[in-house]
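Only one structure is covered here, and it is reproduced in the block below.
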Amino acid sequence: MSFHFTDQAWWCEDCAISDLADQFGTPLYVYSRAQLEANYRRVADAFAPLNAHLHFSVKSNANGALLRVLRDLGSGFDVVSGGELFRALKAGAAPATIVFAGVGKTRAELEYAIDQGAGWINVESAQELDVLEEIAAARSCRSSIALRVNPSVEADTHHHIATGGHRSKFGIDVAEARSILQNANRYPHLDIAGLHIHIGSQLATPDGTVAAIERILPLTELHPIRCLDLGGGFPVAYRPTDHFPEPAAFAEKIIPVLKDRSFEIAIEPGRSISADAGALIATVQYIKPRDGRRIVVVDASMTELIRPALYEAYHHIEAVNRGEETTELADTDRRSDIVGPVCESADVLGTDRVLPILRRGDRVIVFNAGAYGMSMASNYNSRPRPAEVLIDGATARLIRRRETREDLIELENAG
Ligand code: LLP
């Protein structure tokens, strides 16, 4: 059991959230090891019939402690920068289990990946292929690469997180991929051994993925491949009323399309593994009335969790403790906007939420914050980034300390 409401209060496994807030302060990221592991197993089991290799998408949560938990379960990693590659290696990932994607890898990043022996590089342009050929030739080695193909499929998701449409910046279009594969001998130091697609994140149905696979499968007849990487994108229920297909439902639709194949399958799930394993805890600072609603100012903001501001994303919010209500309130009087202290109108974590009466010092919990929460956190308004704790039963381990004000200026002391 990960996050649960028991005895009028929210818990993470066997730790009371209010105790964690007292001990580590707020804003605070709390992760459940049990949930992370259960999520990994759920996705891995769904794709077991395809013998798929699973590469956790580090961009969704890059904390080394979480990466180590997943590595111990057998996960590989999907990285998109030299920094993420460094983190995965530091977390003890075997280099061969790392796939390196990204539309604008620098030459230095590509050299780093090759020198570290990263398993695959997912190439996103013909020019990147030329750079890789030069790097591999200079080292007299042969590097395994996959072509990330833009299948020209519009994913059913928010336009900011759709990546497979023809106008998106990602991947090589099908016609160009065809010509590269037909002329693979132009790259003697590259083993073009894979194809890669990722049409978007938080996909509402498997249909787009199936369409994308069907569109790129003919390419495998032009040039033999050893691996087809399907990317990530399995959705998460952010609203209590959301019902999305499980990873198993994606696998079920994908399996028939890939039957009789001679190559291996890889997937790169991020959110479906990390999102509901994490929550953000905040403390109420001030409450003020506004037009029949309440504005609840908390100590977490868009600098800890930018998703609501950036994508108008919904994150479910609850009071950590349900105190005794002294007044009976109609739902309309309970409506609250939960906002942060940052000087931006967009700094709102949730609007129009029905919550119990909150007082200064009460805690709120923002759910599904384990993916694209801390990994997108910033120091805007010179706010030190929050602490992160990993819960394992009744044990809470600090896995990243809260930044200090000194940390904010540390790197400016260079000159
Ligand atoms: N593979 C590739 C090549 C990707 O670009 C992504 C996500 C993933 C895998 C993992 O996708 P997931 O399983 O997490 O959906 N910041 C946005 C999401 C951006 C996703 C970018 N790419 C958000 O908070 O919704």
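Using only Cα atoms and rounding to the nearest 10 degrees, what angle (0 to 90) does helix 107-116 make with the longest principal axis of the chain? For helix 107-116, the angle is close to 80 degrees.
Ranking Phe170, Val43, Val298 by Cα position along the charge dipole of the chain, where only Lys, Arg, Asp and Glu carry charges on their C-beta atoms, puts Phe170 farthest toward the positive end. Since only Ser2, Ala52, Ala62 are under comparison, the one whose Cα sits farthest along the positive direction of the charge dipole of the range 1-67, derived from C-beta charges on Lys, Arg, Asp and Glu, is Ala52.
Placing +1 on the Cβ of every Lys and Arg and -1 on the Cβ of every Asp and Glu, with nothing else charged, gives the range 150-232 a dipole about its Cα centre of roughly 240 debye.
Per residue, the range 33-274 exposes an accessible area of 41 Å² to a 1.4 Å probe, with every protein chain left in place. Note on the range 33-274: antiparallel DSSP beta bridges, both residues inside, total approximately 5 percent of the bridges counted. The portion of the accessible surface of the chain made up by carbon and sulfur, rounded to a whole percent, is 48 (1.4 Å probe; DNA, RNA and ligands excluded).
Residues Met1, Met376, Met302, ordered by accessible area of protein heavy atoms at a 1.4 angstrom probe radius and largest first, appear as Met1, Met376, Met302.
In the chain, the longest principal axis of the Cα atoms and the axis of helix 33-46 are about 40 degrees apart. Taking amide H positions as modeled 1.01 Å from N, with prolines and chain starts lacking one, the residues under 5 Å from Ser144 and 5 or more places away or on another chain are Asp191. Taking the longest Cα principal axis of the chain as reference, the axis of helix 247-257 is set at about 20 degrees. Every helix of 4 or more DSSP H residues in the chain counts as -39500 (n - 2.57), and over all residues that averages to -7500 deg cm²/dmol at 222 nm. Dipole magnitude for the chain: about 300 debye, using +1 per Lys or Arg Cβ and -1 per Asp or Glu Cβ, origin at the Cα centre.
Shape analysis of the range 59-204 places it in the oblate category; the axes a ≥ b ≥ c from the Cα gyration tensor give an a/c of at least 1.5, with a/b not above b/c.
Take the Cβ atoms of Thr205 and Arg322, set R0 to 30 Å, and the FRET efficiency comes out at 0.25.
Inter-label distance, Arg226 to Glu403: 4.1 nm, where each label sits 7 Å from its Cα along the C-beta direction. A probe of 1.4 angstrom, applied to the heavy atoms of all protein chains, finds Lys59 with accessible area near 70 square angstrom. What the Cβ-Cβ distance of Asp45 and Asp291 gives, at R0 = 56 Å and to the nearest 0.05, is a FRET efficiency of 0.70.
The values are calculated or read from the model by the stated rules, or taken from the named source; none is laboratory data. These numbers come from a predicted model, not from an experiment. Because the Cβ atoms are built from the backbone with ideal geometry, glycine has one as well, and the counts that use them run over all protein chains shown. Note: areas computed on protein heavy atoms with side chains; ligands, DNA, RNA excluded. Shrake-Rupley method; radii C 1.70, N 1.55, O 1.52, S 1.80 Å.
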